[in-house]
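Student: Just passing along the structure, written as structure tokens.
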Number of protein chains: 2
Amino acid sequence: MRLDLALVGFGHVGRRFVRLAAEIENRLQAEHDLTLRIVGIATGRHGVAFDDHGLDAAGAAAIVERGEALSRLDRSGAQLSSGVELIERFARPPRAGGAGRVVIETTPLDVQRARPAIDHIRAALGAGIDVVTANKGPVAIAWRELRDLAAARDASFLFEGAVMDGIPIFNLLRETLPGVRVTGFRGVVNSTTNHILTMLEDGGEFEPALAEMQQAGVAEADPGLDVDGWDAAAKAAALANVLMDAGITPADVERTGIRGVSGDRVRAAVARGHRIRLVASAARDRGPVAARVRPEELPAGDPLAILRGMANALVLRTDLLGEIAVTQLAGGLTQTAYALVTDLVTVARRRQSR
Amino acid sequence: MRLDLALVGFGHVGRRFVRLAAEIENRLQAEHDLTLRIVGIATGRHGVAFDDHGLDAAGAAAIVERGEALSRLDRSGAQLSSGVELIERFARPPRAGGAGRVVIETTPLDVQRARPAIDHIRAALGAGIDVVTANKGPVAIAWRELRDLAAARDASFLFEGAVMDGIPIFNLLRETLPGVRVTGFRGVVNSTTNHILTMLEDGGEFEPALAEMQQAGVAEADPGLDVDGWDAAAKAAALANVLMDAGITPADVERTGIRGVSGDRVRAAVARGHRIRLVASAARDRGPVAARVRPEELPAGDPLAILRGMANALVLRTDLLGEIAVTQLAGGLTQTAYALVTDLVTVARRRQSR
């Protein structure tokens with residue numbers, strides 16, 4: 001089957017996605033009978049393009065990377081100027097049936113309000129269009145609303161890449177662990193802070209380590225999302241909402257970042273045979289789910305303690321199987337882009353089994 | 001939907017399965033619309049029972065545990081005396097349609113020929129009946145034949161519990177990592193040897209540690225399957241066959257067990273900051289897949305080095321996502337029994353989407 005895609009957000013993840021989709025086009029066709037066609041792209045600063053017959057996605061990526069505007073690829077006959085407008089155009093009944101339609105949402109994280117991502121997702125699901133996103137904000141802030149909207153419109157709302165890049169977590173539970181209850185979790189889910197902690201273990205100090213990661217383009221110019229624990233808090237809320245029906249937001253997560261963690265403290269822990277990691281966790285103890293993010297000193301043999309650099313992992317506590325850990329030893333853009341592909345395969349499977 | 005089950009093999013795993021299925025009956029019904037009914041049980045030493053209207057499985061487990069014969073539960077009207085005979089009776093067209101039929105194979109491992117497990121699986125698949133097994137032998141020895149037979153009869157052949165107990169490995173790849181290629185793996189997959197190595201780290205010696213595990217019922221009276229690496233070799237072959245299409249058998253796996261590993265050697269490794277683990281691995285370097293099992297000295301921060309006691313883990317090397325590790329921090333009978341449940345849910349999903 002063919003899925004027509006509208007990409008809302010076309011940053012590093014969105015552009016890596018279109019290239020990965022081209023790289024594995026033959027596999028998706030051969031193994032999943034799945035063809036992807038990109039018909040719309042909306043960016044924040046490089047305009048919007050829509051073409052019912054398919055856009056040259058690689059060309060679009062190159063245009064954006066040259067700092068030019070996408071609008072010259074546009075064949076919509078309208079002056080589309082936002083993600084919501086693209087989705088409205090995309091939602092019009094297509095000329096010929098057959099292809100499914102999916103909005104792929106990869107706009108940047110707004111940890112307070114998840115805007116405009118939530119608007120995009122509401123617009124798409126409201127029109128009965130499936131949504132795949134790598135954005136953790138909407139799941140962290142409005143999970144129940146979006147889940148119920150998707151169910152009411154018989155649409156899929158999938159977000160495997162929102163928390164752990166390419167590691168399957170939501171799919172793992174949904175597809176491979178039927179009947180299992182998650183009673184808690186703890187994880188290292190933020191690569192920037194883990195990379196900094198690793199550099200401190202190796203003799204560095206916080207400020208130079210952060211500056212080095214900003215220069216390398218790994219950490220943002222405003223690093224607060226990472227080092228103050230907001231990114232990890234959003235992921236903890238997303239995991240707690242989906243896996244434990246917590247009904248919380250990032251602001252409900254008890255949060256301590258790593259600004260106060262000195263190289264000396266990290267190396268003193270190592271000398272004791274321990275490691276300091278920024279741990280995101282949640283547990284339900286009779287009452288509501290309590291989630292938190294904070295630096296923790298862990299024994300060196302803990303599955304989270306062994307993570308260095310960009311590695312991340314989640315330890316799920318379950319009722320039937322005890323603790324299960326899933327570890328991504330190399331994280332990065334390709335992994336996040338791949339998560340979008342897995343969700344598209346899920347969309348295709350669901351449509352084929354209808 | 002309802003699945004009628006014939007259990008061939010009714011040892012620790014089979015009996016834990018019927019109890020677990022009863023414990024989570026409500027979840028399976030509510031979340032997967034799945035009802036399980038056990039209509040046949042074949043044992044090696046306690047006879048065979050079949051009842052089209054359903055057997056009292058808990059009662060059957062108690063009968064076997066008292067050392068008595070199952071035949072008094074039998075309503076087949078025949079003198080069934082083997083697993084194959086039970087399967088033939090089970091394969092007769094049922095009076096009323098509706099229920100799916102699944103053979104659950106849990107007879108003991110025969111690492112040389114996988115008998116009688118292969119006979120049971122051939123008989124069931126040949127009759128178009130789905131098969132779920134926790135037996136690694138058939139997958140290690142005859143994967144391609146059984147896969148092709150299942151495909152030809154439009155039947156499912158599933159074996160999630162054969163290698164890593166309750167950790168999803170085969171389901172993980174099939175359901176959550178579409179398009180990903182496994183280029184190699186390494187894992188700690190045998191609990192008995194890992195438990196012994198942990199006891200050596202803590203000051204023990206090989207022979208007393210082994211004797212202790214035999215007394216506790218964890219290791220077999222004949223411990224060769226575990227300590228000589230045969231069990232791990234069978235798992236390595238099964239993984240290599242299914243994940244990498246290796247077409248090998250356990251005899252093709254280069255194999256060194258842990259009999260030659262002394263407490264002194266284990267503790268000297270610890271003193272160097274390392275750990276010795278029995279590692280099962282496979283890789284494809286241009287030519288055919290090479291698989292092996294041997295004690296390896298690993299850095300303490302390796303995902304396999306941190307495994308103590310009954311924990312096990314598999315590190316998958318993939319083309320798109322780099323290395324992914326899946327770790328079961330607590331393994332045991334419940335986990336293996338649960339793997340049978342996950343495969344039954346897969347069978348039900350496939351039937352529902354036909």
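The values are calculated or read from the model by the stated rules, or taken from the named source; none is laboratory data. Keep in mind it's a predicted model, so treat the numbers as computed, not measured. Heads up, the Cβs are rebuilt from the backbone with ideal geometry, glycines too, and the neighbour counts pull from every protein chain shown.
Student: What number of residues in segment B:171-213 are more than 30 Å from B:P288 (Cβ to Cβ) and outside any helix (DSSP H, G or I)?
Tutor: Counting residues in segment B:171-213 that are more than 30 Å from B:P288 (Cβ to Cβ) and outside any helix (DSSP H, G or I) gives 4.
Student: State yes or no: is B:L333 touching a His at 6+ places or on another chain (Cβ under 8 Å) and either at pLDDT below 95 or among the basic types (K, R) (or both)?
Tutor: For B:L333, the condition - touching a His at 6+ places or on another chain (Cβ under 8 Å) and either at pLDDT below 95 or among the basic types (K, R) (or both) - is met.
Student: Could you list, ordered by first residue, the pairs with Cβ atoms under 8 Å in which the first is in segment A:166-182 and within 7 Å of another protein chain (Cβ to nearest Cβ) and without any contact (Cβ under 8 Å) to a residue 24 or more places away in the chain and the second is of a type in the set (D, E) and surrounded by fewer than 21 Cβ atoms within 10 Å (Cβ to Cβ), at least 6 apart or interchain?
Tutor: Listed by first residue and then by second, the contacts come to A:P178/B:E31.
Student: From (1) assigned to a helix (DSSP H, G or I); (2) exposed (fewer than 14 other Cβ atoms within 10 Å of the Cβ), pick out the condition that doesn't hold for A:R19.
Tutor: (2)
Student: Give the number of residues within segment A:4-16 that are assigned to a helix (DSSP H, G or I) and small (G, A, S). Steps first, answer last, please.
Tutor: Step one: filter segment A:4-16 for residues assigned to a helix (DSSP H, G or I), giving A:12-16.
If we keep only those that are small (G, A, S) too, we end up with A:14.
Of the residues in that region, 1 qualify.
Student: Looking at (1) crowded, with 20+ Cβ neighbours inside 10 Å; (2) at the interface with chain B (Cβ under 7 Å from one of its Cβ atoms); (3) of a type outside the set (F, W, Y); (4) in contact with a Phe, Trp or Tyr (Cβ under 7 Å, 6 or more places away or on another chain), which is the only condition A:I324 fails?
Tutor: (4)
Student: Please enumerate the residues belonging to segment B:311-347 that are small (G, A, S) and closer than 17 Å to B:G161 by Cβ.
Tutor: Quick first cut of segment B:311-347, residues small (G, A, S) only: B:311, B:313, B:322, B:325, B:330-332, B:337, B:339.
The answer is B:A311, B:A313, B:A330, B:G331, B:G332, B:A337, B:A339.
Student: Working only within segment A:22-53, note down all residues that are part of a loop (DSSP other than H, G, I, E, B) and touching a residue at least 24 places away in the same chain (Cβ under 8 Å). First the steps, then the outcome.
Tutor: Step one: filter segment A:22-53 for residues part of a loop (DSSP other than H, G, I, E, B), giving A:24, A:33-34, A:43-47, A:51-53.
Scanning segment A:22-53 gives A:I24, A:D33, A:L34, A:T43, A:G44, A:H46, A:G47, A:D51, A:D52.
Student: Also, I was wondering about something else. Only residues that are touching a helix residue (DSSP H, G or I) at 6+ places or on another chain (Cβ under 8 Å), of a type in the set (A, V, I, L, M) and within 28 Å of B:P178 (Cα to Cα): list them for segment A:26-67, please. Show your work before the answer.
Tutor: If we filter segment A:26-67 for residues that are touching a helix residue (DSSP H, G or I) at 6+ places or on another chain (Cβ under 8 Å), which is where we start, we get A:28, A:32-36, A:38-43, A:46-51, A:55-61, A:63-65.
Pick out the ones that are also of a type in the set (A, V, I, L, M) and you get A:28, A:34, A:36, A:38-39, A:41-42, A:48-49, A:55, A:57-58, A:60-61, A:63-64.
Result: A:L28, A:L34, A:L36, A:I38, A:V39, A:I41, A:A42, A:L55, A:A57, A:A58, A:A60, A:A61.
Student: Go through segment A:311-330 residue by residue and tally those that are modelled with pLDDT of 95 or more and of a type in the set (D, E).
Tutor: Final tally of qualifying residues: 1.
Student: Among the residues in segment B:271-284, are any touching a residue at least 40 places away in the same chain (Cβ under 8 Å) and surrounded by fewer than 20 Cβ atoms within 10 Å (Cβ to Cβ)? Steps first, answer last, please.
Tutor: If we filter segment B:271-284 for residues that are touching a residue at least 40 places away in the same chain (Cβ under 8 Å), which is where we start, we get B:275-284.
Those still in the list that are surrounded by fewer than 20 Cβ atoms within 10 Å (Cβ to Cβ) too: B:283-284.
Within segment B:271-284 (the criterion being touching a residue at least 40 places away in the same chain (Cβ under 8 Å) and surrounded by fewer than 20 Cβ atoms within 10 Å (Cβ to Cβ)), the answer is yes, since at least one residue qualifies.
Student: Could you grab the pairs with beta carbons closer than 6 Å, sequence gap of 6+ or different chains, first residue in segment A:332-343 and farther than 13 Å from A:I169 by Cβ, second one basic (K, R)?
Tutor: Filtered contacts from segment A:332-343: A:L333/A:R16; A:A337/A:R16.
Student: Further question on the same structure: Which of the strands (runs of 3 or more DSSP E) found entirely inside segment B:238-350 contain at least 1 residues meeting this: in contact with a strand residue (DSSP E or B) (Cβ under 6 Å, 6 or more places away or on another chain), of a type in the set (D, E) and under 26 Å from A:Q328 (Cα atoms)?
Tutor: Values: elements: B:274-284, B:289-299, B:312-318, B:322-328.
Qualifying strands (runs of 3 or more DSSP E): B:289-299, B:322-328.
Student: Report whether or not A:G247 is out of contact with any Gly (no Cβ under 9 Å at 6 or more places or on another chain) and surrounded by 13 or more Cβ atoms within 10 Å (Cβ to Cβ). Walk me through how you get there before you give the answer.
Tutor: Numbers: out of contact with any Gly (no Cβ under 9 Å at 6 or more places or on another chain): yes; surrounded by 13 or more Cβ atoms within 10 Å (Cβ to Cβ): yes.
For A:G247, the condition - out of contact with any Gly (no Cβ under 9 Å at 6 or more places or on another chain) and surrounded by 13 or more Cβ atoms within 10 Å (Cβ to Cβ) - is met.
Student: Are any residues in segment B:84-98 buried (at least 17 other Cβ atoms within 10 Å of the Cβ) and not in a helix (DSSP H, G or I), and if so, which ones?
Tutor: Matches in segment B:84-98: B:A91 only.
Student: Let me ask something else about it. Regarding segment A:254-270, can at least one residue be identified that is surrounded by 14 or more Cβ atoms within 10 Å (Cβ to Cβ), under 21 Å from A:T318 (Cβ atoms) and of a type in the set (S, T, Y)?
Tutor: Scanning segment A:254-270, I find no residue that is surrounded by 14 or more Cβ atoms within 10 Å (Cβ to Cβ), under 21 Å from A:T318 (Cβ atoms) and of a type in the set (S, T, Y), so the answer is no.
Student: With within 25 Å of B:A155 (Cβ to Cβ) and within 14 Å of chain A (Cβ to nearest Cβ) as the only criterion, which of B:F50, B:F10, B:F17, B:F90 stands out? Lay out the reasoning, then the answer.
Tutor: Details: B:F50 fails: within 14 Å of chain A (Cβ to nearest Cβ); B:F10 fails: within 14 Å of chain A (Cβ to nearest Cβ); B:F90 fails: within 14 Å of chain A (Cβ to nearest Cβ).
Sole residue among the options that is within 25 Å of B:A155 (Cβ to Cβ) and within 14 Å of chain A (Cβ to nearest Cβ): B:F17.
Student: Looking at segment A:129-155 only, could you name the residues that are under 23 Å from A:V111 (Cβ atoms) and part of a strand (DSSP E or B)? Step through it out loud before you land on a result.
Tutor: Step one: of segment A:129-155, the residues under 23 Å from A:V111 (Cβ atoms) are A:131-150.
The answer is A:V131, A:V132, A:T133.
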